[in-house]
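**Q** Below are the structure tokens for one structure; questions will follow.
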Amino acid sequence: MVDSSSLSISSTPLAGEPFPRDALVGAYQTMVLARGTDERCLSLQRQGRIGFYAPLMGQEAAQVGASHAITAEDWVFPAYRELAVALARGVPLRALFDQLLGNADDQIKGRQMPNHFGFRSANFVVASSPIGTQITQAVGAAMAAQRRKDPIVTIAFFGDGATSSNDFHAGLNFAGVFRAPTIFFCQNNQWAISLPRERQTRSATLAEKAGAYGIPGVVVDGNDLDAVFGAVRAARARAISGEGPTMIEAEVYRFGPHSTSDDPKRYRSDHEVAAAKERDPIARLKARLLDQGLWSEESDRALWDEVRHRVMETFEAAEKVSPMDPRTIFDDVFARLTLRLEEERAAYEGSLRESSGRP
Amino acid sequence: MTEMNLVQAVNRALHEAMRKDPDVLVLGEDVGVNGGVFRATDGLFKEFGGERVIDTPLSETGIIGTAIGMALYGLKPVAEIQFLDFIYPAFDQIVSELAKFRYRSGGQYPAHVVIRSPYGGGIKGGLYHSQSTEAYFCHTAGLQVVVPSTPADARGLLRTAIDGEDPVLFLEPKRIYRSMTGEVPEDDVRVPFGKARVVREGSDLSLFAYGAMVPQSVEAAEVLEKDGISAEVIDLRSLVPLDEAAVISSVEKTGRAVIVHEAARFCGLGAELAALLAEKAFYSLKAPVARVTGFDTPFPYALENVYLPNAERIVQASRATVRAA
């Protein structure tokens with residue numbers, strides 16, 4: 001780790017608040033729920049019950065720690081691996097499953113692949129697949145909040161691969177110039193599909209890239225709930241007080257494949273994955289809770305049983321929801337249907353009538 | 001009525017919109033202190049200050065990405081891309097993000113950004129200050145693309161763009177920024193999208209054009225009139241949404257169509273218009289549809305006037321169309 005510059009590049013957490021003790025058990029429960037969801041969804045995808053899934057396993061402490069350090073009014077600009085952020089912000093599991101299935105209850109109306117969540121009610125801006133595009137958008141929303149004098153921050157979630165994208169550099173540069181109240185939260189999970197972190201950039205850390213834009217960059221242990229929480233809390237306080245943006249690099253490891261379409265055995269060893277799993281954020285928090293007398297093996301077994309049951313029950317309920325009405329394909333292209341879209345819809349409805357044999 | 005040129009009309013619309021609504025702001029390269037390289041934003045910085053007239057770093061993806069974020073939050077950003085030729089670093093933000101936000105969020109997150117950009121040839125701008133690449137954007141669901149050809153339309157269409165709820169690419173034909181003036185109404189007149197303008201009525205053929213090709217088409221129509229050919233000139237004004245009814249009804253009257261644009265022919269807007277006529281006005285056509293367009297070459301510097309359609313080429317194509325039947 002690098003700790004050699006005046007630009008606040010640090011391998012230690014900012015001297016900040018530890019994760020609130022009374023919220024530790026709740027955080028652990030959210031992390032276990034995310035892990036249980038991941039495990040189940042990987043098997044549901046293999047069974048053909050969902051089309052695709054991008055697991056976050058290994059990144060639970062980073063996501064839950066960061067989520068607890070911001071407020072409900074703050075705006076989250078996620079990538080497509082932020083399921084635990086959504087859970088931590090109170091999005092119901094059922095709403096996540098509705099999206100994975102693209103059923104009639106899906107809040108984004110079946111418009112995107114699984115994991116591309118969007119929940120306005122949770123200030124969780126809808127994700128897209130292109131890498132890094134949410135970064136400049138988070139900066140723009142922060143500039144807008146600044147203009148409205150709203151005491152909020154925006155936080156952009158992205159991975160190590162995104163630090164090579166155009167929008168990462170444009171976003172950090174704009175945020176630095178305009179002192180936007182933004183937090184750049186990079187989950188460095190060491191792998192951008194098959195490309196290892198050391199091939200993504202020659203820089204010793206990702207966080208030090210922030211220095212070139214006049215922004216503090218901080219490296220934290222992403223498996224350490226306190227370190228993540230403290231860094232995001234401090235970054236939020238800086239942003240709110242008008243001191244501008246901060247980049248945080250949370251060092252984690254992607255335990256699973258990039259997605260269900262990926263076979264990580266082609267590019268990394270089981271040994272490496274096993275070594276990373278020694279630092280499993282869930283095992284780590286559990287040990288701490290046990291140590292502090294906040295948790296027991298018995299309550300842990302009960303939690304896992306409850307999570308596995310709840311995940312399956314919720315998924316099966318979502319599976320029973322009817323599919324999206326095909327006529328909705330024409331909605332939301334614009335605020336109102338254009339004449340052209342009206343015509344396309346009428347033609348489509350005509351073909352439905354024709355194929356059903358009705359006049 | 002005030003007499004002004006097209007760039008002054010753009011400037012006026014921006015002033016009016018910013019006075020009316022504090023959520024409207026302008027951002028782009030050199031738009032603030034300098035007033036824009038074409039002076040389209042002249043005076044805005046002085047009146048509204050640097051918080052609403054934002055000189056940005058030199059990054060198109062930064063400009064459009066931050067504009068999207070502002071719009072998601074509820075502001076009404078009007079972003080300037082200095083030349084349409086430089087828009088491509090922002091292509092991902094426009095095509096993958098801006099155009100799809102409302103749709104991909106199931107209506108939860110509309111993103112109303114207006115992007116203004118000077119486009120087109122005729123100013124000796126060479127490859128990178130001349131192109132007409134509107135078709136890329138017309139092809140993307142979720143974007144509206146409009147092109148004024150008069151000062152009154154520039155003002156009225158830009159006001160409509162800023163009032164609206166959906167993204168707009170507002171293309172300004174820079175060749176006619178200052179080459180002519182026109183009357184602009186005093187009161188807050190809007191020009192609706194999706195309504196073409198009949199510039200000149202005629203009965204023998206229809207000339208369809210937009211932007212700087214409108215005055216060329218009018219000039220051609222005047223020449224044709226001396227030959228005894230009555231050409232109707234339709235200014236499309238808005239490419240998306242397209243006023244299909246106006247296109248069809250004009251050809252139902254004249255039976256002949258000549259489509260004029262600066263952009264390259266292959267997969268240009270003219271192809272869409274020709275297809276529309278084949279689908280919906282086939283039995284009214286007396287002659288094959290003709291297109292007068294830029295060539296399928298990059299935009300040349302020294303041979304700009306060879307590349308660009310002009311009245312002479314429009315006249316020749318029109319005569320051939322009338323001769324055909």
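**Q** Determine the distance separating the Cα centre of segment A:92-123 from the Cα centre of segment B:141-217; give it in Å without decimals.
**A** Comparing the Cα centres of segment A:92-123 and segment B:141-217, I get a distance of 40 Å.
**Q** Under Stokes-Einstein, with the Kirkwood radius over Cα pairs standing in for Rh, what whole-number D in µm²/s applies to chain A at 25 °C and 0.890 mPa s? Don't jump to the answer; show the numbers that get you there.
**A** On the way: Rh = 21.4 Å.
So the translational diffusion coefficient is about 114 µm²/s.
**Q** Next question, about the same structure. Straight-line reach only, C-alpha to C-alpha below 18 angstrom: list the aspartates and glutamates that B:LYS124 could link to, leaving out same-chain residues fewer than 8 apart.
**A** Of all the aspartates and glutamates, those that pass the test against B:LYS124 - Cα under 18 Å, at least 8 places apart if same chain - are B:ASP85, B:GLU172, B:GLU262, B:GLU304.
**Q** Ok, one more. Could you list A:LYS149, B:LYS20 so that the one with the fewest beta carbons within 10 Å of its beta carbon is first and the one with the most is last? Intermediate results must be reported in sequence, preceding the final value.
**A** Numbers: A:LYS149 6, B:LYS20 13.
Lowest to highest Cβ neighbour count: A:LYS149, B:LYS20.
**Q** Still on this structure, I have one more. If we sort A:217-229, A:104-116 on the protection proxy, mean other Cβ atoms within 10 Å, highest first, what's the order? Please report the intermediate quantities before stating the final value.
**A** Values: A:217-229: 25.8, A:104-116: 20.8.
Descending packing order for the listed peptides: A:217-229, A:104-116.
**Q** Once the other residues with Cβ under 10 Å from the Cβ of B:ARG12 are scored (Lys, Arg +1; Asp, Glu -1), what is the net sum?
**A** Values: positive: B:ARG155, B:ARG159; negative: B:GLU16.
Taking every other residue near B:ARG12 into account, the sum is +1.
**Q** Here's another thing I want to ask about it. Hey, what angle do you get for helix A:166-178 against the long axis of chain A, alpha-carbon based, 0 to 90 degrees rounded to 10?
**A** Tilt relative to chain A: about 60 degrees.
**Q** While we're looking at this one, here's another question. Projected onto the charge dipole of the protein assembly as shown (+1 at Lys/Arg Cβ, -1 at Asp/Glu Cβ, origin at the Cα centre), which of A:ALA346, A:GLY242, A:SER43 gives the Cα projection farthest towards the positive end?
**A** A:ALA346
**Q** A follow-up question, please. Quote the charge dipole size of chain B about the Cα centre in Debye, to the nearest 20; the model charges only the Cβ of Lys and Arg (+1) and of Asp and Glu (-1). Can you show the working numbers first?
**A** Working: 32 positive and 42 negative charges, 107 e Å.
Here chain B has a charge dipole of around 520 debye.
**Q** Consider all pairwise Cα distances in the protein assembly as shown and report the whole-number % of them above 36 Å.
**A** For the protein assembly as shown, the share of Cα pairs beyond 36 Å comes to 47 percent.
**Q** Still on this structure, please answer the following. To the nearest 20 debye, what is the magnitude of the charge dipole of the protein assembly as shown about its Cα centre, counting +1 on the Cβ of each Lys and Arg and -1 on the Cβ of each Asp and Glu? Write out the running numbers ahead of the final one.
**A** Working: 73 positive and 88 negative charges, 107 e Å.
The calculated dipole for the protein assembly as shown is roughly 520 debye.
**Q** For chain B, what is the Kirkwood estimate of the hydrodynamic radius, computed as the reciprocal of the mean inverse distance between distinct Cα atoms, to one decimal in Å? Could you put the intermediate results ahead of the total?
**A** Working: mean 1/r = 0.0501 Å⁻¹.
Result for chain B stands at 19.9 Å.
**Q** What is the sum of charges around B:ARG323, taking Lys and Arg as +1, Asp and Glu as -1, for the other residues whose C-beta is under 13 Å from the C-beta of B:ARG323? Intermediate results must be reported in sequence, preceding the final value.
**A** Numbers: positive: B:ARG256, B:LYS286, B:ARG319; negative: B:ASP204, B:ASP227.
The answer is +1.
**Q** Which order results if A:ILE193, B:ILE259 are arranged by neighbouring Cβ count within 10 Å, fewest first? Write down the numbers at each step before the final one.
**A** Numbers: A:ILE193 13, B:ILE259 28.
In order of increasing Cβ crowding within 10 Å: A:ILE193, B:ILE259.
**Q** Evaluate peptide A:124-130: per residue, the Cβ atoms of other protein chains within 10 Å of its Cβ; return the mean as an integer.
**A** On the way: counts 1, 7, 10, 2, 7, 2, 5.
Average neighbour count from other chains, rounded to a whole number: 5.
**Q** Kirkwood hydrodynamic radius of segment B:181-251 from all distinct Cα pairs, in Å? Don't jump to the answer; show the numbers that get you there.
**A** Details: mean 1/r = 0.0772 Å⁻¹.
About 13.0 Å for segment B:181-251.
**Q** Can I ask one more? Which whole-number percent is the relative contact order of chain B (Cα, under 8 Å, 6+ apart)?
**A** Numbers: 721 pairs, mean separation 53.0, N = 325.
Once divided by the residue count of chain B, the mean separation gives 16 percent.
**Q** If you don't mind, there's one more thing I want to ask. Which pairs, out of B:LYS226/B:LYS253; B:LYS195/B:LYS280; A:LYS209/A:LYS277; A:LYS109/B:LYS280, put more than 25 Å between their alpha-carbon atoms?
**A** On the way: B:LYS226/B:LYS253 21 Å; B:LYS195/B:LYS280 18 Å; A:LYS209/A:LYS277 28 Å; A:LYS109/B:LYS280 33 Å.
As for pairs spanning more than 25 Å Cα to Cα, those are A:LYS209/A:LYS277; A:LYS109/B:LYS280.
**Q** So, one more: Using Cα centres only, tell me the gap between segment A:230-291 and segment A:55-83 in whole Å.
**A** 11
**Q** If you take the charge dipole of chain B about its Cα centre, with +1 on Lys and Arg Cβ and -1 on Asp and Glu Cβ, which of B:VAL199, B:PHE282, B:SER250 is farthest toward its positive end?
**A** Selected residue: B:PHE282.
**Q** Please compare each pair in B:LYS100/B:LYS174; A:LYS149/B:LYS20; A:LYS149/B:LYS76 to a cut-off of 25 Å on the Cα-Cα distance and tell me which ones are over it. Provide the component values of the computation, followed by the final result.
**A** Numbers: B:LYS100/B:LYS174 29 Å; A:LYS149/B:LYS20 20 Å; A:LYS149/B:LYS76 16 Å.
Flagged as over cut-off: B:LYS100/B:LYS174.
**Q** Take every residue in peptide A:146-158, count the Cβ atoms of other chains within 10 Å of its Cβ, and give the average of those counts.
**A** Details: counts 2, 9, 5, 0, 1, 0, 1, 0, 3, 0, 1, 0, 0.
For peptide A:146-158, the averaged partner shielding equals 2.
**Q** Based on the mean of other beta carbon atoms within 10 Å per residue, what is the order of A:122-131, B:220-229, B:150-159, most packed first? Please list the in-between numbers first.
**A** Working: A:122-131: 21.0, B:220-229: 16.9, B:150-159: 25.0.
Top of the packing list down: B:150-159, A:122-131, B:220-229.
**Q** Mind checking which of A:SER269, A:VAL126, A:GLY16 is farthest towards the positive end of chain A's charge dipole, using Cβ charges of +1 (Lys, Arg) and -1 (Asp, Glu) about the Cα centre?
**A** A:VAL126
**Q** Ranking request for peptides A:281-290, B:293-302, A:74-83: highest mean number of other beta-carbon atoms within 10 Å first, then the rest in descending order. Walk me through the numbers before you get to the answer.
**A** Working: A:281-290: 17.7, B:293-302: 16.0, A:74-83: 25.9.
Order by mean packing, descending: A:74-83, A:281-290, B:293-302.
**Q** Another one. When B:MET70, B:MET18, A:MET31, B:MET213 are ordered from fewest to most other Cβ atoms inside 10 Å of their Cβ, what list results?
**A** On the way: B:MET70 29, B:MET18 21, A:MET31 24, B:MET213 33.
Listing B:MET70, B:MET18, A:MET31, B:MET213 from fewest to most nearby Cβ atoms yields B:MET18, A:MET31, B:MET70, B:MET213.
**Q** What's the average, rounded to a whole number, of partner chain beta-carbon atoms within 10 Å of each residue's beta-carbon in B:19-30? Don't jump to the answer; show the numbers that get you there.
**A** On the way: counts 0, 0, 0, 2, 3, 0, 3, 0, 3, 0, 0, 0.
For this peptide, the per-residue mean of nearby foreign Cβ atoms is 1.
**Q** Let me ask something additional. Tally Lys and Arg at +1 and Asp and Glu at -1 over the other residues with C-beta under 13 Å from the C-beta of B:SER238: what net charge comes out?
**A** Neighbourhood net charge equals -1.
**Q** In addition: Given Cβ point charges of +1 (Lys, Arg) and -1 (Asp, Glu) and nothing else, what value in debye, to the nearest 20, does the dipole of segment B:131-191 about its Cα centre take? It would help to have the intermediate numbers written out before the result.
**A** Numbers: 6 positive and 10 negative charges, 75 e Å.
Once rounded to the nearest 20, the dipole reads 360 debye.
Read the figures in this text as sums done on the coordinates, not as results from a lab. Bear in mind that the values here come from a model prediction, so they are computed numbers and not experimental data. Positions of Cβ are generated from backbone atoms using ideal geometry, with glycine treated the same way; all protein chains shown enter the neighbour counts.
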